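Input: one structure, supplied below.
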Amino acid sequence: HYLQMCRQHGPKLAREVWNFSEENRELLVNNIIAGEEEALFFEKDGSLSLAQDEETWEDLLQARKKMAEGKIYSEAWSREKVSEYLSSEGFYGGVSFPEDASIHPQNMLRLLLQRVRDCNPNFHFRENEPVYLIERNDKWNLLFTGKEIIKSPKVIFATNAYSPLLQSYFSDKVFPKRSQIMAWEPCERDRKSTRLNSSHQIISYAVFCL
């Protein structure tokens, strides 16, 4: 995705977006996660992008080269190292990002919600009421849900790949990309954050955007 960002918007903007992501991660670690690592299953164990064919492998290597130019650290893993690490055959190689971390997403959201409520007891959280349209008049932002129209002086977009559906400004800036994330080890029932298959292994689907 970094390589696509460089091609679409140039390396300077790509690095700025990457910096923004890293800064947000550090803010979360220092101000939210600290002291709650066990409850959140937080582990700084890195991440691994895999290439299932030669073309993808070349793209990963190009992306790693661009990242190195932007002083972003990563490690190239050979086919043999990936095979040994995963106990699986068929991948051409991979790029590892040692600074990445994993976390239980539902527990993280619950903690964030509790922190917000601690800061403001008047905070109101609406569930199962998605916003499908946002319009602006002279004074207010109008948020249209399936149940009502909500007026607000400010709106924070945290809609990821769905942003272009709410605001056309994002139509040439946010591009959904489907990726599959799979775990190859059994997962305890109380730790699952995604659906389990018949062998109790995690299968989760993620949408990434730039």
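The values are calculated or read from the model by the stated rules, or taken from the named source; none is laboratory data. These numbers were taken from a predicted model, which means no experiment stands behind them. When we count neighbours, we look across all protein chains shown, and the Cβ atoms used for this are built from the backbone with ideal geometry, even at glycine. Accessible surface areas use protein heavy atoms only, side chains included; no ligands, DNA or RNA. Shrake-Rupley method; radii C 1.70, N 1.55, O 1.52, S 1.80 Å.
Filter the chymotrypsin sites (Phe, Trp or Tyr not before Pro) in segment 94-134 to those in DSSP coil with at most 14 other Cβ atoms within 10 Å of their Cβ, and list the result. Provide the component values of the computation, followed by the final result.
Details: sites: Phe123, Phe125, Tyr132; in loops: Phe123, Phe125.
Hits after loop and neighbour filter: Phe123, Phe125.
Oh, and also: Using the heavy atoms of the protein chains alone and a 1.4 angstrom probe, what is the accessible area of segment 64-117 per residue in square angstrom?
Solvent-accessible surface per residue comes out at 64 Å².
Still on this structure, I have one more. Per residue, how big is the convex hull of segment 81-157 when only Cα atoms are used? Give it in Å³.
Taking the convex hull of the Cα positions in segment 81-157, it is 219 Å³ per residue.
Could I ask something else about it? In 10 Å bins starting at zero, report the fraction of Cα pairs in segment 36-78 per bin as a rounded %.
The distribution over segment 36-78 is 23, 40, 22, 14, 0, given as percents.
Check each of the trypsin sites (Lys or Arg not before Pro) in segment 28-71 and keep only those in coil by DSSP with at most 10 other C-beta atoms within 10 angstrom; list them in order.
Taking segment 28-71 and a limit of 10 other Cβ atoms within 10 Å, the loop trypsin sites (Lys or Arg not before Pro) found are Lys71.
Set the Förster distance to 45 Å, then compute FRET efficiency between Ser171 and Glu89 from the Cβ-Cβ distance, nearest 0.05. Can you show the working numbers first?
Values: r = 41 Å, r/R0 = 0.91.
Result of the calculation: an efficiency of 0.65.
Quick check: from the Cα gyration tensor, does segment 5-119 come out rounded (a/c under 1.5), prolate or oblate?
oblate
Using only the C-alpha atoms of segment 57-123, find the volume of their convex hull and express it per residue in Å³.
Numbers: hull volume 9.9 nm³, N = 67.
Taking the convex hull of the Cα positions in segment 57-123, it is 147 Å³ per residue.
Okay, next question. Test of the criteria: in segment 1-89, which chymotrypsin sites (Phe, Trp or Tyr not before Pro) are in a DSSP loop and have at most 16 other Cβ atoms within 10 angstrom of their Cβ?
Sites meeting the loop and neighbour criteria: Phe41, Tyr73.
Right, something else. Collect residues whose amide H, placed 1.01 Å from N in the peptide plane, falls under 5 Å from the amide H of Phe175; neighbours closer than 5 in sequence don't count.
Those lying under 5 Å, H to H, from Phe175 are Leu210.
Roughly how many Å² of Arg126 are accessible to a 1.4 Å probe, to the nearest 10?
Accessible area, nearest 10 Å²: 100 Å².
Tell me the carbon and sulfur percent of the accessible area for segment 51-93, rounded to whole percent, probe radius 1.4 Å.
The computed percentage sits at 46.
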